[in-house]
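First comes the structure, then the notes that go with it.
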2 protein chains.
Amino acid sequence: MTTVNETISAEADARRTKANVEALERMVGAEPVLVGVAAAGDVVPGMTPTTILTSGAPLEWPEYTGGQRRAILYGAVYEGLAGSVEDAEAKIDAGEIQVRSTQQHACIGSVAGIYTASMPVFVVRDEAHGNTAFCNFYEGKSRYRLNYGSYDQEVADGLRWLETTMAPVLAESLAGAPIPLKPMMARALRLGDELHSRNTAATLLLQRELTPRLFALATTPEWRTRVEEVMDFFLANDYTFLRLSMAAAKATADAAHGVEHSSLLTGMAINCREFAVRVSGLGDEWFRGGHPELQGRFFDGFTEADAEWIGGESCVTETVGLGGMAQACAPSLMDYQGGTFQAMLENNEAMYEITSAEHPDYKIPAFGFRGTPVGVDLHAVIATGRTPLIDGGLAGRSGGQIGAGLLRPRIEAFTAAAAAYAERYPTSPAS
Amino acid sequence: MTTVNETISAEADARRTKANVEALERMVGAEPVLVGVAAAGDVVPGMTPTTILTSGAPLEWPEYTGGQRRAILYGAVYEGLAGSVEDAEAKIDAGEIQVRSTQQHACIGSVAGIYTASMPVFVVRDEAHGNTAFCNFYEGKSRYRLNYGSYDQEVADGLRWLETTMAPVLAESLAGAPIPLKPMMARALRLGDELHSRNTAATLLLQRELTPRLFALATTPEWRTRVEEVMDFFLANDYTFLRLSMAAAKATADAAHGVEHSSLLTGMAINCREFAVRVSGLGDEWFRGGHPELQGRFFDGFTEADAEWIGGESCVTETVGLGGMAQACAPSLMDYQGGTFQAMLENNEAMYEITSAEHPDYKIPAFGFRGTPVGVDLHAVIATGRTPLIDGGLAGRSGGQIGAGLLRPRIEAFTAAAAAYAERYPTSPAS
């Protein structure tokens with residue numbers, strides 16, 4: 001005999017399953033396309049000339065500390081909103097400059113993830129569902145970059161070059177000819193990328209796609225010079241594609257967000273204080289917990305003691321079946337973040353336990369072209385105690401990148417989300 | 001007490017070991033560099049306007065049969081040496097056209113490996129040892145190509161385009177600026193190539209290297225059009241690099257050839273009648289045996305019964321630690337030639353049993369960056385009964401490529417070589 005509670009519980013399960021199928025279909029069915037490049041202030045919804053965006057679940061300004069706080073202040077100086085970091089601090093305190101989370105503006109942040117209005121962004125639209133996401137540009141391979149909390153004349157010059165040379169060249173090259181990203185990403189997985197910490201192949205494929213376009217632009221000496229500079233940047237920077245895989249992943253995750261009853265993860269984000277997750281059926285709230293455990297490989301004699309959490313949202317790639325979910329595609333990553341290939345295979349394999357499906361387009365050659373594990377189910381994380389594995393870069397206290405490695409989120413944020421889910425979608429009259 | 005014979009044998013072993021170390025050092029120390037592109041007739045030593053080269057250990061003209069014979073005749077027609085295949089046949093019979101082995105001219109042939117004097121070749125010099133090798137161009141991805149024994153107007157037009165557009169553009173782009181191939185090849189192994197049956201990453205890297213050069217060439221409308229056509233060819237043909245990896249491997253193998261007492265393999269080659277090997281210390285003789293066993297994946301409903309041996313020397317890549325020796329780099333290859341990744345790992349691992357060293361530059365990420373097995377020792381092949389594993393394309397009886405797969409050479413050719421070695425380098429007065 002079935003009790004009333006069991007009936008209600010079975011109905012809730014059925015509703016959740018249906019919702020998760022819908023969210024998952026939206027996630028794997030997303031078709032992210034690079035449609036343009038523009039200044040953040042011109043295209044990012046809600047972005048004003050005095051807005052600064054930064055990575056992670058939203059915090060009040062006084063809560064930002066260390067490298068992330070510093071990066072926000074540097075952003076204000078770079079944008080010309082303040083003459084110095086002290087001035088910037090005063091103006092933010094006074095509300096003349098507004099600090100907001102990237103997540104509140106359909107943006108996605110690499111490490112500190114600083115956006116100011118004049119910075120160029122990639123505009124990526126999910127053609128299947130119509131939503132748009134944005135990511136600003138990779139600054140180049142120097143360890144010292146604004147997104148790693150560093151700022152000096154060289155960093156500023158690099159950012160200005162992106163604005164004045166890279167952005168107009170890419171914008172022109174995309175005019176009327178958007179680039180579908182999903183086929184390129186699927187292909188890069190066959191070429192040894194996992195599209196979070198390794199983007200070498202995708203960068204090569206993007207460059208190949210852009211080459212005839214750049215070629216067509218070089219009709220005057222001035223454009224020829226610009227185009228040559230852009231080609232040199234690509235040649236020197238194998239990481240360039242990461243911002244596109246992030247924007248594509250953000251558009252993909254957003255497409256799956258907002259399905260009532262769905263317990264699928266649609267976001268993971270780090271700020272200086274916490275790791276947080278977002279769930280499809282739980283609205284825009286972020287559920288927070290302590291920072292992930294770290295298994296890093298440090299550059300140049302740095303150690304774990306030198307590491308500092310200054311934000312990071314590139315784990316949106318793991319949210320949609322890439323990065324740690326595709327580690328087995330990228331044995332060369334060992335060189336960058338340590339570990340063994342056997343461990344990478346096992347790590348990757350274990351992710352099928354907490355995901356709902358195998359991606360129909362993103363495949364793992366080493367697993368006989370099995371689809372990557374995709375659609376992290378909050379309840380599977382709680383049931384197994386296993387959290388999504390993240391590949392990531394590591395920032396240092398004194399600024400700059402000091403290593404790379406594996407991030408294993410702690411369970412807290414997921415537990416908080418599960419509690420919220422139980423409250424919002426009670427499975428029995430008593431609960 | 002040591003007998004006289006044992007002493008002689010120990011001395012012979014020591015001589016062989018020393019010779020193998022030298023041959024191996026030459027093999028792994030080779031520095032193949034793409035120095036130019038030119039018509040075969042202008043640069044290949046001994047090539048005359050009426051010479052046609054073809055793959056494999058040399059045969060007398062009447063011995064060439066089937067698709068390889070047909071391809072030779074087509075070559076004569078393409079070159080304008082004969083008006084028809086019948087005419088070509090008569091002129092070869094009469095000695096007016098000379099058929100020679102690529103191997104007699106420092107060339108290396110893909111499948112039938114037809115070279116005529118007007119065909120462009122890559123010129124690859126081993127900068128470490130000064131020797132030069134040549135390979136002609138990839139015809140594009142059509143199943144029907146001269147090197148697969150096919151010929152019609154489209155094949156001829158494609159070959160003419162290589163001659164009149166591709167070759168001059170590449171020649172100009174290389175003028176005074178040679179391209180070191182080894183670093184590119186080492187990198188491609190990290191990007192999922194094994195540089196015999198998979199060259200996607202290397203082709204991308206080559207294209208990236210060429211892009212600024214091509215860009216610089218496009219100064220007139222005529223050159224602009226040519227350059228655009230070449231870029232389109234690269235975009236459409238992921239296999240383009242194979243001819244460079246073959247030329248690089250040939251230059252590398254040749255560098256290690258001719259070390260007295262060395263039992264290292266310096267060549268493997270297939271013609272329509274046999275598989276043959278060459279050994280460093282055994283001069284220019286080829287030791288012959290039956291064709292390899294085939295473990296293929298056939299396209300479009302073809303079966304093994306449709307396959308025909310029409311020649312092939314791309315197994316020079318295996319000779320220098322690539323291809324089957326680097327299979328574990330290239331899980332995506334399964335898609336093309338079948339098998340499982342586990343089998344690929346095991347196949348690759350087994351090759352360490354018959355090789356002398358781990359390559360210092362060519363590394364396998366999936367093996368924790370262990371060097372590829374390199375320097376096949378004839379005596380290790382005999383002792384283990386294990387022959388070098390070859391990745392390869394498969395030709396059909398009616399022309400064209402009909403599949404791809406693994407080739408396992410039979411032991412015969414190696415046994416013949418071992419007998420010759422024992423005869424040339426006797427280890428006791430009695431032997």
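Please work out the C-alpha center-to-center distance from the range B:285-327 to the range B:201-278 and express it in whole Å.
So the two Cα centres are separated by 19 Å.
What is the local net charge at A:PRO373, summed over the other residues whose Cβ is closer than 10 Å to its Cβ (Lys, Arg +1; Asp, Glu -1)?
-3
Dividing the convex hull volume of the Cα atoms of the range A:32-244 by its residue count, what figure in Å³ per residue is obtained?
Spelled out: Cα convex hull of the range A:32-244, divided by residues, is 121 Å³.
Express the accessible area of chain A per residue in Å², computed with a 1.4 Å probe while the remaining protein chains stay in the model.
Value returned for chain A: 35 Å² of accessible area per residue.
Residues of the range A:361-396 losing 30 Å² or more of accessible area relative to the isolated chain, 1.4 Å probe, heavy atoms only?
Flagged in the range A:361-396: A:PRO365, A:ALA366, A:PHE369.
Where the centre of each part is set by its Cα atoms, how far does the range B:147-180 sit from the range A:65-117, in angstrom?
The distance from the Cα centre of the range B:147-180 to that of the range A:65-117 comes to 55 Å.
Where Lys and Arg each count +1 and Asp and Glu each count -1, what net charge lies around A:GLU89 among other residues with Cβ under 15 Å from its Cβ?
Around A:GLU89, the charge tally is -4.
At what distance in nm do the modelled label points of A:GLU96 and B:THR3 sit from each other, each positioned 7 Å from its Cα along Cα→Cβ?
10.1 nm
Taking the inverse of the average 1/r across all pairs of different Cα atoms in the range A:267-338, what Kirkwood radius in Å do you get?
The answer is 14.0 Å.
Residue-wise, which Karplus ³J(HN,Hα) couplings in Hz belong to the range B:164-172, taking 6.51 cos²θ - 1.76 cosθ + 1.60, θ = phi - 60°, and x for glycine or proline?
9, 10, 4, 4, x, 5, 5, 4, 4
Give the nm distances, rounded to one decimal, from A:ARG424 to the matching residue in every other copy, measuring between label points 7 Å along Cα toward the beta carbon; shortest first.
7.7
Based on the inverse mean of 1/r over its pairs of different Cα atoms, what is the Kirkwood hydrodynamic radius of the range A:257-424, in Å?
Averaging 1/r across every pair of different Cα atoms and inverting gives 16.2 Å.
What does the convex hull of the Cα atoms of chain B come to per residue, in Å³, rounded to a whole number?
It comes to 137 Å³ per residue, whole-number rounded.
I want the local charge near B:ALA357. Using Cβ-Cβ distances under 14 Å, sum +1 for each Lys or Arg and -1 for each Asp or Glu among the other residues.
Charge balance near B:ALA357 sits at -3.
Which entries of A:LYS18/A:LYS250; B:LYS182/B:LYS250; B:LYS182/B:LYS363 have Cα-Cα distances beyond 20 Å here?
Cα-Cα > 20 Å for A:LYS18/A:LYS250; rest within.
How long are the three semi-axes of the equivalent ellipsoid of the protein assembly as shown, in whole Å, if each is the root of 5 times an eigenvalue of the C-alpha gyration tensor, listed from largest down?
Whole-Å semi-axes of the equivalent ellipsoid: 55, 31, 26.
On each of the three principal axes of the Cα atoms of the range B:93-135, give max minus min coordinate, whole Å, ordered largest first.
On the principal axes, the range B:93-135 reaches 42, 19, 16 Å in Cα extent.
Scan chain B and hand back the longest stretch that contains none of the GluC sites (Glu not before Pro) lying in DSSP loops with at most 16 other Cβ atoms within 10 Å.
B:286-431
Report, to the nearest 10°, how far helix B:242-256 tilts away from the longest principal axis of the Cα atoms in chain B, using its own Cα long axis and a range of 0 to 90°.
30 degrees
Return the Rg/Rh value of the range A:148-302, two decimal places, where both radii are evaluated on C-alpha atoms and Rh is the Kirkwood radius.
Here the Rg-to-Rh quotient is 1.03.
The values are calculated or read from the model by the stated rules, or taken from the named source; none is laboratory data. Fair warning: this is a prediction, and the values are worked out from it, not measured in the lab. So basically every Cβ, Gly included, is an ideal-geometry build from the backbone, and we count neighbours across all protein chains shown. Accessible surface is based on the protein model in full, side chains and every heavy atom, while ligands, DNA and RNA are left aside. Shrake-Rupley method; radii C 1.70, N 1.55, O 1.52, S 1.80 Å.
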